[in-house]
Structures are given as C-alpha cells and as structure tokens.
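Below is one structure, written out as structure tokens, with a few remarks after it.
Bear in mind that the values in this text are calculations on the coordinates, not laboratory data. Note that the coordinates shown come from a computational prediction; the quantities given were computed from them, not determined experimentally. All Cβ positions, even for glycine, are placed from backbone atoms using ideal geometry, and neighbour counts span all protein chains on display.
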Amino acid sequence: MRVTVCELPHEPDALARAWAALCEHTARHSSELVLLPEFAMVDPLWQDEHFDAARWSNAEAIAEVWRHRLAELTVANVVGTRPVTIDGRRFNQGFLWSTYDVNPLRRKFYLPDEPGNWEARWFERGDPDFGEYSAGTCKFGLNICTELWALETYATYAARGVQVILSPRATAAATTTKWLSVGIVAAVRSGAFSLSSNRVDPTGACGGVGWIIDPYGTILARTTADAPFATVDIDLSAAAAARDGYPGYIFSRKPQASGVGVW
C-alpha cells in the first residue's frame, strides 16, 4: 500500500500553497492513503485557555468546507481529525474519508490540560476503547497525538493483527525527538507500521516532522521543512512477520501450565 504523511500549516495563505503542493505530490506518487495532521486546516483552538463558542463554530464550518476538498488529493483514503459537536458535546473526532464520504472513527480520549495545550477545556473525553478500522486492505488503529503514549494499546493492536497505527499530531518542534521515540516504540511493540503527520507553524508551537516507521522500528521516511511530504510503499504482510520475530513472539506466546516460566 502506498502511504503519504505530511506536515501542514493552518494559516490561510501558507495552507493554500501547501495544499496545492500536497495534491500535486499525491497525484504524482499515486498515493493510496494520506494521513493528515491533527485538526488539519483549523486554528489550534486549544492554545487558548478559555473556550470561545464563536471560534468553535467557525472551526466546525472550516472543517466542513475542507471535507468537500479532500477529493482533490485523488487518493482512495484520507485519515485525520476534526471538531464535531454531538448532542451538545464537543469532541476531537477521527475520520476516514473514502469514496467521497466521511466515516467517523474514535474520538480522542486523553486530553492535556496545561498552558498552551488546554484541550480539556475545549473537548470532552471521547472513546476509551482503541478499536481497529479498515481502509481498503489495510487494518489500522488510531492514536491521536497524546494517545501515542497510551502504551497499553499496542499489545491489543498486536493481538488483533493491526497492520498500521495512524497518529495525527500537533506537537512542538522542541519535543520532536521524544515523539519520534514513542513512534518507534509503537511500531516495535505492536508489530505494525507507525505513521504520523504533524501540524507546523512559524512559532514552533507545532513543529512538523511526519514519519513512516516499519514494524521493526526502522524509520523509512520523515518529513522536513524542505520536504514536507513523504510517500512510501509499505508491505502490509510485514506486520505479521514482525510479530513472529523478536520481540513480538515473546508477548504472543502463553506460558506453559507448570508456571515456571517455560515458553
């Protein structure tokens, strides 16, 4: 499967240029799946401590406009997150765009609440369960930004045969090394490809760097300011092979009944 990760700005002029370039990139490389950053194209509302109803409504409207433009990428599948209101409750909801329709995925559960990252003030907690979804022949899990640190999810993904973990992010430039490290852990522990796309802005509050990591922890590609898009052909069958190797097989085998630690 040919997959694309990216880093995108949200400022209108910069976004217009980046979007045109991304569409050209995905068409030229015949991408099949594109992962967008967290809340792509929408203002980073969570940087403000106090909720603003007008800004929230505007963000929902902008996200809806961009929903109708996803076809411009000329790919079969697009995954990202967006603001939604459900029964009066606000969420950061994952979505899968496929064949001109948007399918809702899980809603972000782990929400920071600190200066510059007041997500708990803007969103309600979503879904505590981390299920698996399908995009064509690809079985994937969705860990939205902070949820990359939900290490307990990786054993479940491995048991369910998830092939790819998708992680839209909005993380700072100064923390890139830390995030890349947990992306590698996600891949190795789950025996799956780890893909992430990140927002980028001039302040460094969101610092770009998307990645594609194989199930053995090898970084196949990462985006930069000079190369903000990366596309790689991934062999989905490699996920099963990785889980049969070290360290995957250690966690998939059950100890013998003797209880003396023989495997």
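Summary table below
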read-out: Rough spin-label spacing in nm, given labels placed 7 Å along Cα→Cβ, for Leu15 and Asp127; value: 2.5 nm
read-out: Percent RCO, i.e. relative contact order, over the stretch 116-176, from Cα pairs under 8 Å lying at least 6 residues apart; value: 33 percent
read-out: Debye equation applied to the C-alpha atoms of the stretch 71-128, log10 I(q)/I(0) at 0.13 Å⁻¹; value: -0.40
read-out: Percent of beta bridges antiparallel (DSSP, the stretch 2-252, rounded to nearest 5); value: 65 percent
read-out: Met41, Met1 arranged by Cβ crowding within 10 Å, fewest neighbours leading; value: Met1, Met41
read-out: Computed [θ] at 222 nm, helices only, for the chain once each DSSP H run of length n ≥ 4 contributes -39500 (n - 2.57); value: -8500 deg cm²/dmol
read-out: Dipole of the stretch 1-142, positive end: most advanced residue of Gly80, Trp118, Ser134 [Cβ charges, Cα centre]; value: Ser134
read-out: Values of log10 I(q)/I(0), in the order q = 0.10, 0.16, 0.17, 0.22 Å⁻¹, for the stretch 131-263 under a Debye, Cα-only, solvent-free model; value: -0.34, -0.77, -0.85, -1.27
read-out: GluC sites (Glu not before Pro) within the stretch 46-97: DSSP coil, no more than 13 neighbouring Cβ in 10 Å; value: Glu49
read-out: The chain - percent relative contact order, Cα under 8 Å, separation 6 or more; value: 20 percent
